[in-house]
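Below is one structure; the comments refer to it alone.
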């Protein structure tokens, strides 16, 4: 199956030659790993990774960075025979990265499936640290918005009040 996939992607790349100026993304379960660290619990042979690497180089893909969960699949066996893999990948071409340079992939905890749900965030905002630090960081961001609102809607309150008072006295 994976060899068929790589051949198909090579074919697709050839068909996209006339569309070089378009940003595109590809994601899914590739049933392969890119590096040896993407498998835990069983041995890895270098030739298992060769077709996927060759395809990525040929097609000009780059893997979109991910956050938190590294392994995206497990065979759900007991501890002695458990295998963890990073089968799920999200890749894009350079034009896509130029448009969404801060993009990040989030692999959520597995649920019913043996794969982890994958979410693409094209413009993530990170608040790292302790819970209190994150709360203070968010409050600081709100502070800037409130200051801007105050300047636009409530600046020069005293002169405006004096002018309104003078207008009332004139009536």
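Computing FRET efficiency as 1/(1 + (r/R0)^6) for residue 51 and residue 123, where r is the C-beta to C-beta distance and R0 is 25 Å, gives about 0.15.
Using R0 = 30 Å, the C-beta based FRET efficiency linking residue 37 and residue 98 works out to 0.60.
Evaluate the relative contact order of region 47-171 (contact order divided by residue number), counting alpha-carbon pairs under 8 angstrom at least 6 apart; express in whole percent.
18 percent
With neighbour counts taken as other beta-carbon atoms within 10 Å, the residues 36, 91 rank, fewest first, as 36, 91. Among 121, 88, the ranking by other beta carbons within 10 Å of each residue's beta carbon, starting with the fewest, stands as 121, 88.
Only the coordinates and a few stated rules stand behind these numbers; no lab work does. From a predicted model like this one, the values you see are computed outputs, not experimental measurements. Reconstructed Cβ throughout: ideal geometry from the backbone, glycine too, with neighbour counts over all protein chains shown.
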